[in-house]
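Trainee: So that we are looking at the same thing, I have put the structure below in structure tokens.
The values are calculated or read from the model by the stated rules, or taken from the named source; none is laboratory data. Just so you know, these numbers come straight off a predicted model, no measurement behind them. Note that we place each Cβ from the backbone using ideal geometry, even for glycine, and neighbour counts take in every protein chain shown.
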Amino acid sequence: MEPMYYIGLDVHKHKISYCVKDRSGQIHSQGSLLATRLDLDCWMKTLPQPWSAAMEASMFTGWIYDHLKPHAAVLKVAHPLMLRAIAAAKKKNDRIDANKICDCLRCDFLPECYMASTAIRERRRTLRYRNLLVRQMVQMKIKIGTLLMEAGVSYNKQRLHKAGYFRELLATNPDIDDNLRSLLRQCREAVVRLAKTENALIRSLQHDRLLAERVERLMSIPAIGPITALTWTLEVGDVRRFSSIKKAVSYCGLCGAEKSSGSTVQRTPLSKQRNKHLQTTLIEAAKMAPRYSPALAQLYDRERQKGNPNRATLAVARKLVAYLMAVDRGQTHFLVLDREACAA
């Protein structure tokens, strides 16, 4: 059997600590290097062959993973919340962390997490940047209303952000002085600029050849628009990594956590261990879904009769996850499946 060397990497912004061990656990080498591509290339030339490596998931993991992947026999990324042995240690530093990650990899105890392909991660970065623009746009709209309220200006809240009404308000309202008018125009220009950028990003993702066909299939589901379809596609990546709908629901953060000990069972509200981008998007889609689907409206009403509208919304969101899983796995349109069911 060819010997394998195992490497644990503790990654930071400026420095990477490493520990190299053989199959028996003997340390071959350890130390640290600068977190640059040139230093990684020089370091890889000194490594014994073949080697496998593992690192903890962080902000800096992506580019290091892409750079090491072609040279490693196996390259894994560890789930940070599952590395309890490192977090609970009495003595903790970068060298010890790299050593423990190496041992977890060598003994096959590493809590591995999913790593999307480079192409998906690049497009996911664009979508998350779009989410940032939307948050900033909402903040600017709120600021416009705040400025008007501070000056005691009466306005129509429903029409405030309409271009024609806003121009008319600035031109005709005597309570708006020159200084306030200048601030309001700057806020409005920022909203328009952010909206144009956000629309351009969404269009570019919708027409991307890697995503277009999959997004089109997902949009055949009632209440699933381009934002929800793109979020599902880019945040989930390969849908086959979920062996059941329950696991997909858990990943989307649409269920609570459970703490059991003996005969005591304690269930908590929605778990914080989730993909927050998917959770937010699916819940917002579930609020609108009963308007577009009689089946989802019936589900919402049935759950709503139990007395909790939030639970009814969650039930609809979980049903949307089931729809998304079925369409994504079957690679067929939802409406086609629906017609076949009606014919049967």
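Trainee: Within segment 201-224, can one find any residue that is of a type in the set (V, I, T), more than 19 Å from V327 (Cα to Cα) and in contact (Cβ under 8 Å) with a residue 24 or more places away in the chain?
Mentor: Yes, because at least one residue in segment 201-224 is of a type in the set (V, I, T), more than 19 Å from V327 (Cα to Cα) and in contact (Cβ under 8 Å) with a residue 24 or more places away in the chain.
Trainee: Here are the criteria: (1) in contact (Cβ under 8 Å) with a residue 60 or more places away in the chain; (2) more than 26 Å from the chain's Cα centre (by Cα). Tell me which single one S260 does not satisfy.
Mentor: (1)
Trainee: Take the conditions in a helix (DSSP H, G or I), at pLDDT 90 or above, among the basic types (K, R) and farther than 24 Å from S243 by Cα and apply them to K287. Does it pass?
Mentor: Taking the combined requirement at face value, the residue satisfies it.
Trainee: Further question on the same structure: Considering only helices (runs of 4 or more DSSP H) fully contained in segment 142-249, which possess at least 2 residues that are over 30 Å from A119 (Cα atoms)?
Mentor: Because the criterion is at least 2 residues that are over 30 Å from A119 (Cα atoms), the helices (runs of 4 or more DSSP H) in segment 142-249 that meet it are 163-172, 178-206.
Residue-wise test of (1) among the aliphatic types (A, V, I, L, M); (2) surrounded by 19 or more Cβ atoms within 10 Å (Cβ to Cβ); (3) at pLDDT below 90.
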{"site": "Y300", "(1), (2), (3)": "no, yes, no"}
{"site": "Q305", "(1), (2), (3)": "no, no, no"}
{"site": "P309", "(1), (2), (3)": "no, no, yes"}
{"site": "T313", "(1), (2), (3)": "no, yes, no"}
{"site": "V316", "(1), (2), (3)": "yes, yes, no"}
{"site": "L320", "(1), (2), (3)": "yes, yes, no"}
{"site": "A326", "(1), (2), (3)": "yes, no, no"}
{"site": "E340", "(1), (2), (3)": "no, no, yes"}
{"site": "A344", "(1), (2), (3)": "yes, no, yes"}
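Trainee: Cβ-Cβ distance below 7 Å, separation of 6 or more or different chains: which pairs start in segment 158-175 with a residue that is of a type in the set (S, T, Y) and end on one that is exposed (fewer than 14 other Cβ atoms within 10 Å of the Cβ) and at pLDDT 90 or above?
Mentor: Between residues of segment 158-175 that are of a type in the set (S, T, Y) and residues that are exposed (fewer than 14 other Cβ atoms within 10 Å of the Cβ) and at pLDDT 90 or above, the close pairs are Y165/N156; Y165/R159.
Trainee: Looking at A151, A190, can you tell me which residue is assigned by TED's automatic domain parsing to the domain that holds R125, within 21 Å of Q136 (Cα to Cα), surrounded by 11 or more Cβ atoms within 10 Å (Cβ to Cβ) and in contact with a helix residue (DSSP H, G or I) (Cβ under 8 Å, 6 or more places away or on another chain)?
Mentor: A190
Trainee: Separate question: Give the residue, chosen from R128, R124, that is buried (at least 18 other Cβ atoms within 10 Å of the Cβ), in the same structural domain as L201 (by TED's automatic domain parsing), within 24 Å of Q273 (Cβ to Cβ) and in contact (Cβ under 8 Å) with a residue 40 or more places away in the chain.
Mentor: That would be R124, the only listed residue that is buried (at least 18 other Cβ atoms within 10 Å of the Cβ), in the same structural domain as L201 (by TED's automatic domain parsing), within 24 Å of Q273 (Cβ to Cβ) and in contact (Cβ under 8 Å) with a residue 40 or more places away in the chain.
Trainee: Quick one: how many residues across segment 11-28 are of a type in the set (G, A, S), touching a residue at least 12 places away in the same chain (Cβ under 8 Å) and out of contact with any helix residue (DSSP H, G or I) (no Cβ under 8 Å at 6 or more places or on another chain)? Give the derivation first.
Mentor: Restricting attention to segment 11-28, the residues satisfying the condition of being of a type in the set (G, A, S) are 17, 24-25.
Right, trim to touching a residue at least 12 places away in the same chain (Cβ under 8 Å) and you get 17, 25.
Subset that is out of contact with any helix residue (DSSP H, G or I) (no Cβ under 8 Å at 6 or more places or on another chain): none.
Residues flagged as of a type in the set (G, A, S), touching a residue at least 12 places away in the same chain (Cβ under 8 Å) and out of contact with any helix residue (DSSP H, G or I) (no Cβ under 8 Å at 6 or more places or on another chain) within segment 11-28 amount to 0.
Trainee: Next question. Does any residue in segment 106-118 that is farther than 11 Å from G237 by Cα and touching a residue at least 24 places away in the same chain (Cβ under 8 Å) come within less than 9 Å, Cβ to Cβ, of a residue that is among the hydroxyl-bearing types (S, T, Y) and surrounded by 17 or more Cβ atoms within 10 Å (Cβ to Cβ) six or more places away or on a different chain, and which pairs are these?
Mentor: Correct list of pairs: R106/Y6.
Trainee: Can you tell me which residues in segment 233-275 are loosely packed, with under 11 Cβ neighbours inside 10 Å and small (G, A, S)?
Mentor: Hits for segment 233-275 are S243, S244, S260, S261, G262, S263.
Trainee: Of all residues in segment 168-187, which are of a type outside the set (G, A, S) and either under 38 Å from the mean Cα position of the chain (by Cα) or not assigned by TED's automatic domain parsing to the domain that holds L148 (or both)?
Mentor: At the first step, the residues of segment 168-187 found to be of a type outside the set (G, A, S) are 168-170, 172-181, 183-187.
Matches in segment 168-187: L183, L184, R185, Q186, C187.
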